[in-house]
Every structure is written in structure tokens, then in C-alpha cells.
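What follows is a short report on a single structure.
Derivation of every value follows stated rules applied to the coordinates shown; laboratory data play no part. Fair warning: this is a prediction, and the values are worked out from it, not measured in the lab. Positions of Cβ are generated from backbone atoms using ideal geometry, with glycine treated the same way; all protein chains shown enter the neighbour counts.
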Amino acid sequence: MIIYDAEGQILGRLSSVIAKKLLNGKRVLVVNAEKAVLSGSKRATVSHYQIRVKRGDPIKGPFFPRTPDGMFRRAVRGMLPWKKACGRKAYKSLRVYIGIPTELKNSTGKFEKEKVADASKLRTKSMTLGELSVLLGAKKRW
């Protein structure tokens, strides 16, 4: 099992690395999903995601998640071959958590975190998934 810490990581780059690991048959666990970073201006990012959330019929869908863990899972799902059996099987071995679960805190103390795409080098404006989900109407539970 590979554990990724999404704190300060760029969402798209981290998602593509995770998708490749999933397709290779690895089990992946992501913690601190609410601290993943989206690059770009706040206004453009929020308007883009509002269009995605409001698209479709409220009863029939398509439905788009508003919580940070759901948005992270959806980003990874977009990089998998979802219409094939291997893509759906790979998606089932992904676990995404808001914060760090108590099982990880208690069992290993400090767990090894892999850094993939550090957002501290970004020169553009950015926002976290947690900020975006609050602006989209999710209840803050982190």
C-alpha cells in the first residue's frame, strides 16, 4: 500500500501519478485531501467547478461531488480508463481521506509521505480543495 499526503501538492499532477500506480495494481491511500492545491485564479476556478456541479438534472444527474475527498477521487477517475474493466477495478483500490485517519495515526505514528508535485514553487494564484468545496456549498467537516 502506498500512502500519499496531498498537503501542498498540485491536484492534477498528483492524480496522474496515482492513476498510473492504480493501473499497475497497487493499492493507494491519500490523506489530507482538503489541502491539495488547484492552480489558477480563484474566480476562474470557482466558476469552472460551479458549471460542473450545476450541470444536468437534479434527479437524473450527472452528479458532481462537492466534498474535497469526492473531488479528489473524481480527478483520479478522470485519468483512468473508466469504461473498461481494468479502470473500474483500479478505481476500487483507491482510498481518499479528509485529514489523517486515526488508524494511521495510532499504528505507525509518523508514516512515510511521498511528495510528487510540490505547490510551493507555483508562481500563480492558487487555492485548496477545502476552500473550493466550501465555496461550492459543502459543509465544512475538517
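Going from the residue with the fewest nearby Cβ atoms within 10 Å to the one with the most, ASP118, ASP5 rank ASP118, ASP5. Going from the fewest other Cβ atoms within 10 Å to the most, the residues TYR49, TYR4 appear in the order TYR49, TYR4. For the chain, a Gaussian network of Cα nodes joined below 10 Å ranks LYS83, LYS42, LYS20 by mean-square fluctuation, and the top entry is LYS83. Between GLU114, GLU103, GLU34, the residue with the greatest mean-square fluctuation in the GNM of the chain (Cα pairs under 10 Å linked by springs) is GLU103. Too long at a 21 Å Cα-Cα cut-off: which of LYS89/LYS115; LYS20/LYS42; LYS20/LYS84; LYS42/LYS140? Beyond 21 Å: LYS89/LYS115; LYS20/LYS42.
Among LYS21, LYS60, LYS26, the order by Cβ neighbours within 10 angstrom, fewest to most, reads LYS60, LYS26, LYS21.
The fraction of Cα-Cα pairs per 10 angstrom bin, counted from 0 for the chain, comes to 11, 40, 37, 12, 1 percent, rounded to whole percents. Debye-formula intensities of the range 50-100, expressed as log10 I(q)/I(0) at q = 0.13, 0.14, 0.21, 0.27 Å⁻¹, are -0.38, -0.44, -0.87, -1.05 (one equal scatterer per alpha-carbon, no solvent).
Structure remark: mean-square fluctuation, Gaussian network model of the chain, C-alpha springs under 10 Å; the largest value among ALA33, ALA119, ALA85 belongs to ALA85. Computed over the range 18-83, the Cα gyration tensor eigenvalues convert (square root of 5λ each) into semi-axes of 23, 17, 11 Å, ordered from largest to smallest.
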